[in-house]
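Asks: Mind having a look at this structure? Questions to follow.
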Amino acid sequence: DSYAPLFKRGDVFLPNRDFWRHKLIGMGAPADRTLVHRMGVDTTRFVETPRALKAGEPVRFIGVGRMVEKKGFDDALAAFAKMRSEPNAPAATLTLIGDGPLRRELEAQAAPLGLGDAVRFTGLLPHAKVEEMLREAHVFVLPSCTSKNGDMEGIPVALMEAMAQGLPVLATRHSGTPELVEHEVSGLLCAEGDRDVLAANMLAFARSPERWAAMGAKGAAKVRAEFDLKSWNDVLFQRLTALYAQA
């Protein structure tokens, strides 16, 4: 109910994804004044690099984010262990970059899975180092989920940045993620918490490195066309200018 006065007096409402636009309209926001406004990234900072697997090297999966429930890193660890247990699974590693309240719990989860040196927790790293490690990786993993207290992602910036660098991605049908990641085009999606399908998607990527470059290119093009920060700043200027003209 606290939103009702806001909906009456607000001139324009700018949710950052279609998912929340529909939610707000359902709560009473005026449809004609509730417009999607993306939170983009500075695409000029990122160099798109086609991904390829060199002879003898393992498939390098990587995830970046705060170690909290909604990032789904517990699902990533479980799915990675399941993938490695499959017959003739390709050699692979999983690197998780970031810190947060669940880090120790996640490290404890990894120990009994028999993952050994295949999983690495780096903690917090400088942004330049994160970008360097993303350039060296093959597949980005972020299996977001709705936390027990209802906390959700928007459209994760980490996904946008990874895709802008040409990384194919593994993600979930969570919140606004499907508005960024197109299944079988720029990545592979599964339902929230579905560790079996996530493991199957990991294995599918690990066994088909010939798909990486094309999917990474599609993702990079999507980010540059629809999630570029400067373009959305220009849209915001135009929208505010139009509001001022009506005042």
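Asks: How high is the FRET efficiency between Glu182 and Asp99 when r is their beta carbon distance and R₀ equals 41 Å, given to the nearest 0.05? Don't jump to the answer; show the numbers that get you there.
Replies: Numbers: r = 31 Å, r/R0 = 0.75.
Step by step, r from the Cβ atoms, then E = 0.85.
Asks: Considering only DSSP beta bridges with both partners in the chain, what is the antiparallel share in %, to the nearest 5?
Replies: Details: 1 of 23 bridges.
Rounded to the nearest five, the antiparallel share is 5 percent.
Asks: Using Cα-Cα distances under 8 Å and only pairs 6 or more residues apart, what relative contact order does the stretch 50-147 have, in percent?
Replies: On the way: 142 pairs, mean separation 44.2, N = 98.
Averaging sequence separation for qualifying contacts and normalising by length gives 45 percent for the stretch 50-147.
Asks: Let me understand the stretch 135-247 better: what is its radius of gyration from the alpha carbons, and its Dmax, in angstrom?
Replies: 16.5, 59
Asks: Could you work out the relative contact order of the chain? I mean the mean sequence separation of Cα pairs under 8 Å and 6+ apart, divided by the number of residues, in percent. Present the calculation step by step, with values, prior to reporting the outcome.
Replies: Values: 440 pairs, mean separation 60.3, N = 247.
So the answer I get is 24 percent.
Asks: What do you get when you divide the Cα radius of gyration of the stretch 132-187 by 2.2 N^0.38 Å, with N the number of residues?
Replies: Working: Rg = 11.5 Å, N = 56, 2.2 N^0.38 = 10.2 Å.
Working it through for the stretch 132-187, the quotient is 1.13.
Asks: Sticking with this one: Pairwise over distinct Cα atoms, reciprocal of the mean inverse distance: report the Kirkwood radius of the stretch 4-118 in Å, one decimal place. Spell out each step's value before the answer.
Replies: Numbers: mean 1/r = 0.0548 Å⁻¹.
Mean inverse Cα-Cα distance, inverted, gives 18.2 Å.
Asks: Put one equal scatterer on each alpha carbon of the chain, apply the Debye formula with no solvent term, and list log10 I(q)/I(0) at q = 0.14 1/Å to two decimals.
Replies: -0.92
Asks: For Arg51, Arg173, give me the order by solvent-accessible area with a 1.4 Å probe, most accessible first, ignoring ligands, DNA and RNA. Don't jump to the answer; show the numbers that get you there.
Replies: Values: Arg51 10, Arg173 125 Å².
From most accessible down to least: Arg173, Arg51.
The values are calculated or read from the model by the stated rules, or taken from the named source; none is laboratory data. Computed from a predicted structure; not experimentally measured. No Cβ is skipped: glycine too gets one built from the backbone with ideal geometry, and neighbour counts run over all protein chains shown. Accessible surface is based on the protein model in full, side chains and every heavy atom, while ligands, DNA and RNA are left aside. Shrake-Rupley method; radii C 1.70, N 1.55, O 1.52, S 1.80 Å.
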